[in-house]
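Since the structure comes first, as structure tokens, the remarks are kept for the end.
A short reminder: the numbers here are calculations on the coordinates, not readings from a lab. None of the values given here were measured: they were computed from a predicted structure. Don't worry about glycine lacking a Cβ; one is built from the backbone with ideal geometry, like all the others, and counts go over all protein chains shown.
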Amino acid sequence: MGNLKAKTETGGSIIGQAKRIGGVSLIEVVIALSILGFGMLGAAAAQIAAFRSADTSRERIVAHSLARQQIETFHAMSSTAIEVIIAGAVTTDPLNPIDPDPNDANSETYNRSWTIARDTPEDNVYTILVTVGWTGALGAQTVSIETFKSEL
């Protein structure tokens, strides 16, 4: 019977060609899984960064809201009531430390203070500066809002 091996057009045997076409090598699988793993690590890192950014944004929103509340309180007060508060130095809120939501799981607290200056930038005008500070995901942070109120 002689030679039973069939030859292909390129000169190789049919059995050898079938082995090359039939599957993928272990090296190819390892490389594909490595690429997939690095991609998943990158996605996880991006997700963690997004959560941190969301936490930082929430902290700033809360601090800004606390400052805005105090500014609105001062705008609602009469000039006589503001004169009682003015001490020429920074006044610390007696409610400090402020926990905006005592029912939540986190223990973030904020400290609010303000300065009121009379006749600045001009006569019969108060300059009110409210500052809210806290320690959050990025360390010590502050938010300040400055406004003006006429004595009239």
Checklist outcome for this item: Subset of the stretch 128-148, residues assigned to a strand (DSSP E or B) and among the hydrophobic types (A, V, I, L, M, F, W, C), comes to ILE128, LEU129, VAL130, VAL132, TRP134, ALA140, VAL143, ILE145, PHE148
Next on the checklist: Can you report the number of residues in the stretch 92-128 which are under 29 Å from the mean Cα position of the chain (by Cα) and surrounded by 11 or more Cβ atoms within 10 Å (Cβ to Cβ)?
Outcome noted: 18
Next on the checklist: Considering only residues that are without any contact (Cβ under 8 Å) to a residue 24 or more places away in the chain and charged (D, E, K, R), which ones fall in the stretch 129-152?
Outcome noted: GLU146
Next on the checklist: Can you confirm whether ILE71 is touching a residue at least 12 places away in the same chain (Cβ under 8 Å), in contact with a helix residue (DSSP H, G or I) (Cβ under 8 Å, 6 or more places away or on another chain) and within 28 Å of GLU146 (Cβ to Cβ)?
Outcome noted: no
Checklist outcome for this item: All conditions in (1) in contact with a strand residue (DSSP E or B) (Cβ under 9 Å, 6 or more places away or on another chain); (2) within 17 Å of VAL143 (Cβ to Cβ); (3) polar (S, T, N, Q) are true of THR127 except (2)
Item to check | In the stretch 74-85, the residues that are assigned to a helix (DSSP H, G or I), out of contact with any Asp or Glu (no Cβ under 7 Å at 6 or more places or on another chain) and surrounded by 12 or more Cβ atoms within 10 Å (Cβ to Cβ) | outcome: PHE74, HIS75, ILE82, GLU83, ILE85
Next on the checklist: When you check ARG60 against the structure, is it assigned to a helix (DSSP H, G or I), surrounded by 13 or more Cβ atoms within 10 Å (Cβ to Cβ) and charged (D, E, K, R), yes or no?
Outcome noted: yes
